[in-house]
Amino acid sequence: MICSMRATRTRGLGAALAVATAAFSLAACGKPGYCDDKSKLQSDIQSLTNQLQNGDVKSVKSTLEKIDGDAQKVISSAKSAFPSETAAMSSSVKALKTSVKGLGSSPTPDQLVTLVSQSQSVVASVNAFDKAAGSKCG
């Protein structure tokens, strides 16, 4: 009798775990992959903004590599759903990347102004994508 009750409880626990796992899987399926990629990209952009405001130019290159990688993930996963927004994002990231490659160890004030301007362009393109994708990423 005791063994029978344990087996019933174990089956009940297994069934409950299976239901919980299925529910979690369905919830995860509700959002497209670019939603998580977008969040990572926004975090990287915030890091870049902070670095530029603090004059930490040495870290800008490594942060840009992260931004480029995360932007490429967003672009590839969202291109068909948001072609205009992903094209703008691609263009703005490419321009920023080109400017950062041209930086020396002691950038001029003009180079920094260009970096800030291009960073703002990246932010604007990501914000436009965020607004367009908002209903799907909820």
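Every number here is computed from the coordinates shown, using simple stated rules; none is lab data. Keep in mind it's a predicted model, so treat the numbers as computed, not measured. Note that each Cβ is placed from the backbone with ideal geometry, even for glycine, and that neighbours are counted across all protein chains shown.
The table for this structure:
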| read-out | value |
| --- | --- |
| Cα-projected label distance for A132 with A95, points at 7 Å along beta-carbon direction, nm | 1.6 |
| Where N is the number of residues in the range 31-137, Cα Rg divided by 2.2 N^0.38 Å | 1.05 |
| Net charge dipole size for the range 50-138 [Lys, Arg +1 and Asp, Glu -1 on Cβ; Debye, nearest 20] | 200 |
| Options Q46, I67, G33, ranked by Cα towards positive dipole end of the range 31-137, top entry (Cβ charges) | G33 |
| Per-pair calculated FRET efficiency, R0 = 22 Å: D110 and K66 via Cβ, rounded to 0.05 | 0.30 |
| Of K38/K66; K97/K136; K97/K131; K66/K131; K94/K131; K38/K101, pairs whose Cα-Cα distance is over 19 Å | K97/K136; K97/K131; K66/K131; K94/K131; K38/K101 |
